[in-house]
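Undergrad: Below you'll find the structure I mean.
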C-alpha cells in the first residue's frame, strides 16, 4: 500500500512538474517533506525507545549514550528507507561538446571566452580536470584565439 502511495505521488509530481530548489538540487516538495518527517520520526523514536528500554537492562549512567546510539541507528534506517522510497527521477544525458556548443555555453553565461581562457590556462588543477574530461582543446580553441 505504501509503494502504491509513492507511485501515485510520483505520477502526480511528474505530471504537475512542481519542483523546488534546495541546496542546488531540484526536488519534489512532497518527497523532501516526507523524507524529513520519516527521518525525524525514526531518529527521535529510536532515542525515546532507548530511554524506555535501556533503564531495565543497562547501567543508569549509560542509558543516555545507548539511547543516543539507538537514535543514530534510527537515522540510518531512515536514510536507507528514504533512499529506497524516493529514487532519483533525473535523466542525465551527455552530449559531445563542440567548439560552437562551448561558445554558446560561455555566451549564455555572459562570460568572455578569452578572459576565461586566460584565467584557466595558468591553473594546473582546472586545466588537468578539463583535459581529463576531454574539453580542454575545445575550450582552448574557443578562448585561446584573440577576439576581434
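Undergrad: Check the stretch 80-99 and report whether any residue there is over 30 Å from residue 30 (Cβ atoms) and modelled with pLDDT of 80 or more.
TA: No, that holds for no residue.
Undergrad: Take residue 26 and tell me if it is more than 30 Å from residue 132 (Cα to Cα), surrounded by fewer than 13 Cβ atoms within 10 Å (Cβ to Cβ) and either outside the structural domain of residue 139 (by TED's automatic domain parsing) or modelled with pLDDT of 85 or more (or both).
TA: Spelling it out, it is not the case that residue 26 is more than 30 Å from residue 132 (Cα to Cα), surrounded by fewer than 13 Cβ atoms within 10 Å (Cβ to Cβ) and either outside the structural domain of residue 139 (by TED's automatic domain parsing) or modelled with pLDDT of 85 or more (or both).
The values are calculated or read from the model by the stated rules, or taken from the named source; none is laboratory data. A quick note: this is a predicted structure, and the numbers were derived from the prediction, not measured. No Cβ is skipped: glycine too gets one built from the backbone with ideal geometry, and neighbour counts run over all protein chains shown.
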